Every structure is written in C-alpha cells, then in structure tokens.
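One structure coming up, written as structure tokens, with questions to follow.
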Amino acid sequence: MLAMAVMASDGPVKHDPSDLISVRSPEYGSTISGRATISLLAKGYHSLTVKCWKQGEGWGSDSTVAEPTLNPDGTATFVFPAADYPHGPITLRISGDAATGKDNCYLQLYNQGGVVWNEGLPANPPPAAAGMKLIFADDFNGPLSISSTNPGAKYYDHKPPGGWQDFSTLRFTGADKTNSPFFQVDSYLRIRASEAARSAGIISSLKNDATGITARAPCYFECRFLGPNATGAWPAFWLMTDYMTAFVKGVKVPCDELDVIEAYGGEGRGEPNAHDSYMITPHCWEQGDAGKTVEKQAFEHVKNPIRMRQFGIPSAWFESFHVYGCKITETDTIYYCDNIEVARHATLPLSKQEPFFFLINLATGGGWPVDLSRYHGVADMYVDYVRVYAKPDEQQTQ
C-alpha cells in the first residue's frame, strides 16, 4: 500500500467547527430503528437537505429524507424513518448552503430494523469468475477469527511480516488488544478508526507464518464494503503476491501489489475531493528499473481516478455498499465495481508466477490531512463479505 504523497504532512488539520454542519445527536455510528430523531447544528446556513440511499432494483435509488427548518440559533431536527431504509450500515448525507459556501456532513448509522437488501454472500458466482471455482468465502456472520499470534486464526491483523510496514497514522491494532478496532455486527465486520482508542485496523489473508488463503492466476478476488467519508479516512481492498513463504526462510523477494480500491475521505480545499472517485494502483516492488517501467505503463492504462458515475454506478463508495473485484489472468488484470469493468492493464510479470493474498483495511492518512473531529474522532468501515475464486485445480492454502 502506497500513500498518495501529495500533502506535506499526515498530521491532523482542524476546521473551524462554526463553518461546518454538525450532528448533535445521535452519535456517529449509533444504532437506530423505527423513527429516529436527528438533531443538527448549522450556524450561518440558510438551507439544509438530507439524503440517503434507498433499497430497490439494481443499485436502488437516492432519496430525499428531509429538508429541515433551521431555527434562528442554527439548530434543526428531523425524523429519519429508519424502518423504510436498508437494514445495517447506512449513510445520511446532510448538505447545506451558506453565504460562505456549501458543506456536506456524512452521518453513518447502523439501522437495526429496516429492509434487508443484498446482504450476505450471493447465491451465484460473479460473471468474472466464470470457469473458476470458489476456494474461499467469508460473510462475517459468526465470531471473528483475527489474531496476531494464533496460527489457527483466519486472518492476521497487521501487514505481514510483523506489522513493521503498517502505514496508518492511527496505529493498526491487534484483535486481542483492549482497543481492538474489530467488531462483528450482525453479518458484518466493522473496522473502526478511533482517535480515543488510538487504533485502526487491517486484516490479511496471509499470516505471519506464511500460511493462509492464496490464489494463483487465473484467479478472481472480490470484497463488498461501505467506507466512511471522513477527512483522512482511508478504506482499501488490495492484493499482494506471496513474499512471506520466502521471508520465513530468511529470503527477501520482490512482489507485486494491486490496489483494487483505495478510497480517500474528505472534501474541499486541501483534501482529496473524493466524491464518487477512488484509486486503482498497481505496484512492482523491488523489481528495479524494469519493474518501474512496467508499473508506470500499468498505472497509465488504469486512468485514475475511477469516477463511479462515469461507469453508470449512481452511488459513491461511502453512500452505499459496492462490490470491488479484481481478475488476474496470464494476459490481463481487470478491475470491477459491481461487476462492471472499470480498468485493466497487462498482467505484471511477477503476477503471472506467484500466488496472491488479500488485505482489507481502514487506515488514516495516506498523504492527506486527518480530521475526524466532526464525527467525534470515529470512522467506520463495514465489510459484508469477501470471496476468492481460482482455476479448478487450485487449492487454498491453510
């Protein structure tokens, strides 16, 4: 994982809260049901609109929840009819106009009631995995199996080996710690970045002893998740070729990295202006000048950033759940969002030879300033499921 080195510092940057829309209650990440009252503060604003993505055919549809009336002191309230919206994690987008400009506030809540919509593992394989077999799937509907030390765990909770390459400004923290960032909520894995807990989280399908889940080309990996659009939040799903089998033998080897999605939260001057965009980034690590040339060619073919609406995908990565996939063949590496091809490049030389493992994380930073203060120091990523497909004679490693 490579941060977007476009800012001078990853340090916190604080906005004047009087310029921003804020939520007085409920707290960010709260559980709601039925009819939930939302209280806002928006001093200096003359209008507010609240929207939320709603279930339906295909991607569903955007909906206007309310246009709250602002009181002279800048306060406002509205009722969110949670029973009419999707069960599970949802994002309320609160937009306002003021003389000084516009602002968007993204309140993520967990709807305990509502309508079950596209949750869990699909019954059918994705089109990109045609001719392959399912070698691994996890829909996170049971106790989590994440550990720094347990060789029998399903996932390792740092970037192997040992976490010395961890890259979040809020430290990646083990599942066995009191400030663990990992929670199992209904059928979701929630990864929380928390300033109070001083933690963020990553899971790796390859563990510190080089055991785990891998697949060799031709193969297909996919993950369905909802990310947070908080300033400096950095949710990602990515793949790396197996360098650990050699590492545990005392040998350092080059590797490839395929960032299927790197999403950067934050909007406005000095921030990523994420909106509906995310990055797809291939890397050839420790492969000399030849590797840098191949990497540059692959990156240029991707045509970043990926703007979801340009591909007919109407909601952004923080507005509703999406499935992000990557298919690796002997000739092409193809990236998908909701089974729509969004980018491709020639398969990197090492990617043709070595098996891949996957990583899922919610980090902070990535070259951008970090400011979670609007959401009281918290940002949440919800992972619905992950699946891995490979050629019929490929066996998953344990």
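Rule-based calculations on the coordinates, nothing more; no lab input. Given the structure is predicted, the values throughout are model-derived calculations rather than measurements. With ideal geometry, Cβ positions are generated from the backbone for all residues, glycine too; neighbour counts draw on all protein chains shown.
Subtracting the Cα-Cα distance from 0.36 nm times the residue separation, let me have the gained length for residue 311 to residue 79 in nm, one decimal. Mind dumping the intermediate values first?
Numbers: separation 232, 0.36 × 232 = 83.52 nm, distance 3.36 nm.
80.2 nm is the gain from fully extending residue 311 to residue 79.
Moving on. Take peptides 234-243, 296-305 and line them up by average Cβ neighbours within 10 Å, highest first, as a rough protection proxy. Mind dumping the intermediate values first?
Values: 234-243: 25.5, 296-305: 15.2.
Going by the mean number of other Cβ atoms within 10 Å, highest first, we get 234-243, 296-305.
Please compute the net charge surrounding residue 246, taking Lys and Arg as +1 and Asp and Glu as -1 over other residues with Cβ under 11 Å from its Cβ. Please report the intermediate quantities before stating the final value.
Values: positive: 249, 252; negative: 242, 354.
Summing Lys/Arg as +1 and Asp/Glu as -1 gives 0.
Return, ordered by residue number, the residues of region 81-112 whose backbone nitrogen is under 16 Å from a label point located 7 Å along Cα→Cβ of residue 67.
94-98
If you average the sequence gap of Cα pairs under 8 Å that are 6 or more apart and divide by the length of region 27-139, what percent do you get for the contact order? Let's see the in-between values first.
Numbers: 218 pairs, mean separation 34.1, N = 113.
Contact order relative to length: 30 percent.
Using the alpha-carbon centroid of each, what span in Å lies between region 26-79 and region 343-389?
Measuring centre to centre over Cα atoms gives 29 Å.
Considering only the other residues whose Cβ falls under 12 Å of the Cβ of residue 139, what net charge follows from Lys and Arg at +1 and Asp and Glu at -1?
Numbers: positive: 224, 387; negative: 119, 138, 186, 384.
Residues near residue 139 contribute -2 overall.
Any idea how far apart residue 179 and residue 118 come out in nm if each label point goes 7 Å out from Cα toward Cβ?
Label at residue 179, label at residue 118, 3.5 nm between them.
Summing -39500 (n - 2.57) over the DSSP H runs of n ≥ 4 in the chain and dividing by its residue number, what mean residue ellipticity at 222 nm do you reach, to the nearest 500 deg cm²/dmol?
Values: 2 runs with 19 residues, N = 398.
So the helix-based figure for the chain works out to -1500 deg cm²/dmol.
Next question. Which entry is the computed P(r) over Cα pairs in 20 Å bins from 0, in percent for this structure: [x] 30, 60, 10, 0; [y] 26, 55, 19, 1; [z] 28, 58, 13, 0?
[z]
Calculate the spin-label point distance for residue 246 paired with residue 209, positioning each point 7 Å from the Cα along the beta-carbon direction, and give it in nanometres.
2.3 nm
Kindly flag which residue pairs out of 51/159; 54/154; 252/391; 102/296; 252/296 have an alpha-carbon separation exceeding 26 Å in this structure.
On the way: 51/159 37 Å; 54/154 33 Å; 252/391 28 Å; 102/296 37 Å; 252/296 23 Å.
Result: 51/159; 54/154; 252/391; 102/296 exceed 26 Å.
At 7 Å along Cα-to-Cβ for each site, give me the label-to-label distance between residue 141 and residue 273 in nm.
Going by the 7 Å Cα→Cβ label model, 4.3 nm.
Okay, next question. Where in region 42-60 is the amide nitrogen less than 17 Å from a point lying 7 Å along the Cα-to-Cβ axis of residue 100?
42-48
Which whole-number percent gives the relative contact order of the chain, counting Cα pairs below 8 Å spaced six or more residues apart?
Values: 1038 pairs, mean separation 87.8, N = 398.
The value is 22 percent.
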